[in-house]
1. Of (1) open to solvent by 50 Å² or more (accessible area, probe 1.4 Å); (2) in contact with a strand residue (DSSP E or B) (Cβ under 7 Å, 6 or more places away or on another chain), Ala252 satisfies all except one. Which?
2. State all residues of region 367-420 that are crowded, with 23+ Cβ neighbours inside 10 Å, of a type in the set (Gly, Ala, Ser) and part of a helix (DSSP H, G or I); if no residue qualifies, say none.
3. What are the residues in region 286-302 that are open to solvent by 10 Å² or more (accessible area, probe 1.4 Å) and either free of Cβ contacts under 8 Å to residues at least 40 places away in the same chain or under 23 Å from Phe24 (Cα atoms) (or both), if any?
4. Looking for something outside any loop (DSSP other than H, G, I, E, B) and more than 27 Å from Ala440 (Cβ to Cβ) - is there at least one such residue anywhere in region 470-489?
5. Filter region 95-108 for residues that are surrounded by fewer than 24 Cβ atoms within 10 Å (Cβ to Cβ) and either of a type in the set (Phe, Trp, Tyr) or more than 23 Å from the chain's Cα centre (by Cα) (or both) and give the result.
6. Name the residues in region 167-183 that are over 13 Å from Tyr230 (Cα atoms) and in a strand (DSSP E or B), would you?
7. Quick check on my filter: what residues within region 138-169 are crowded, with 18+ Cβ neighbours inside 10 Å and within 20 Å of Thr126 (Cα to Cα)?
8. Just to be sure I understand the filter: pairs with C-beta atoms under 8 Å, separated by 6 or more residues or on different chains, first member in region 445-467 and closer than 22 Å to Ala279 by Cβ and part of a loop (DSSP other than H, G, I, E, B), second member of a type in the set (A, V, I, L, M, F, W, C) and open to solvent by 30 Å² or more (accessible area, probe 1.4 Å). Which pairs pass?
Amino acid sequence: MRFWLGILFTLTLTAATRTEYRGFWVDTFNSNLNSHADVVAVVRGAKSAQANTIFAQVRRRGDAWYLNSLEPPPDFVPIEARFDPLLDLIQEAHAQQMEVHAFVILGAIWNKNPTFPASATLGAPTSPNHVFNRHGGFDATTGRIEAGPNNWLTRSLLPDGTAGISFQGHRFGSDFWLDFGHPEAATYTVEVLLHLVRNYNLDGLHLDRIRYPEFAVAGQSVATGANIGYNAVSVARFQAKYGLAPDAPSPAPGDERWSQWRRDQVTNLVRRIYLQAIALRPQLTISAALIAFGDGPASEAAWKSADAYWRVYQDWRAWTEEGILDLAIPMNYKREHIPQQAAWYRQWNDWTRNHRYSRGALMGLGIYLNSVEGTVRQIESALAPPLLGVAMFSLAVPDGAVEEKPVRGLAELAAALTKPEGIFFEPATIPALAWKVAPARGHLMGFAGAVDSAEVAFYNEQGQVAFITATDGSGFFGAVDLPAGRYVALVEWGGERKVSRPVEVVAGKVGLVGFD
């Protein structure tokens, strides 16, 4: 008896010490969160595979799967009256010791043709308060998207009909996208997310489509750049920054300054979301779904040829190095049964392991592209340290018909993962993120007023420059992971400057920089 008790104690201790994220993306295109029964089914499904994290899509196209929102509920989705899907999901998941991360789409804000009457598949949003109706520039009389400062959409200068582009360059495939080079679009997005963070007991905030839209055009390359980002306000800001005449031609897609400008607009938004969100809730985990098309970079220089960097201007390598994400989650969606893609998958694993810097990373798996066996092999590859686990897309579509095997569904995937020799047989706890639970450094943020793209230098008590950044279009600036102590911020623009009041950096906190 004592022998068997010892074995049982050893197994229990081993189970209790497994620490890794085991997450499912729950997308509301394919999973329902319309009632309590739907929520219970989602939690039970994830739990059946020994998952401990749900990335639940609660902002899909400028709408909300939660009641306390600045945005309208989704059109033509039968959510029960007065039912709050996110609130219910948090309660049910937490009861099962599972985390809930709010999965929010940022860039794409509408995906129906607005020239038709509103229906489940066509038309403009039914709510006049929807961001597309207020700031999409759509004129119902002409059926056109009109330019102007109230238009927040990004656009291409390529002619309609090229690579799925329509509506005067403003629609890409089925989607209209915000341009975060428009300061009001960026500020609106931040306000929506902060309202969400304030009002729900979330474990994490998960950013998706935090970039420009991708499209393939003949002749478009690393050297020529992508023909995207030409919102009139963003272009005017770029011209002002570089002293160009307001009526100067729009910058060429391959102009290096213009390419970096577009990357900076996205990075500025990520930095602002990170700092303002953790200022409200320091333990909140900020993550993002990141582009990992094709093969992984084989060198530092090769990163600049990655689609994330040049095609959609999502420089997530810079985000992890700066520390403005807690968890990087590359969408490493590769088919394990195709040898070339299986090799690409492992290349991205290696790149991500070597580019976490002081933060964490999970590997995002496209399980809908793979058989159950292929998914198991990819999870085994991804669980090698220092990666902290996996996120699987998606709970609704957990496998594909590949390797001469039919679609088998969640029950069979869960059985393969949790059988006695399975990789998820033992339960796992969420990893403790050291910079959250025992922070050694702190952060600063502030608003410099109506100064756009001004250089901001943070000086420590010894008069040394600790970090250099720039204000965004609204004057916001910030820095993460500064050693404790007193700092001042020097803001310089157009031959002018101002110095902040001294501000204290406290480990684990976000200090507010102020000016006299």
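1. (2)
2. Across region 367-420, the qualifying residues are Gly374, Ala382.
3. Phe293, Gly294, Ser299, Glu300, Ala301, Ala302
4. Of region 470-489, the ones outside any loop (DSSP other than H, G, I, E, B) are 470, 476-483, 485-489.
With the extra rule that they be more than 27 Å from Ala440 (Cβ to Cβ), the set shrinks to none.
Taking every residue of region 470-489 in turn, none turns out to be outside any loop (DSSP other than H, G, I, E, B) and more than 27 Å from Ala440 (Cβ to Cβ).
5. Within region 95-108, Ala95, Gln96, Gln97 qualify.
6. Matches in region 167-183: Phe172, Asp175, Phe176.
7. Phe138, Ile145, Asn151, Trp152, Leu153, Phe167 - these are the residues of region 138-169 that are crowded, with 18+ Cβ neighbours inside 10 Å and within 20 Å of Thr126 (Cα to Cα).
8. Here the result reads Ala448/Phe515; Gly449/Phe515; Val451/Trp493; Ala454/Ala470; Ala454/Trp493; Asn460/Ala466, each pair linking region 445-467 to a residue that is of a type in the set (A, V, I, L, M, F, W, C) and open to solvent by 30 Å² or more (accessible area, probe 1.4 Å).
The values are calculated or read from the model by the stated rules, or taken from the named source; none is laboratory data. These numbers were taken from a predicted model, which means no experiment stands behind them. Backbone-built Cβ (ideal geometry, glycine too); neighbour counts: all protein chains shown. These accessible areas exclude ligands, DNA and RNA; they are computed on the full protein's heavy atoms, side chains included. Shrake-Rupley method; radii C 1.70, N 1.55, O 1.52, S 1.80 Å.
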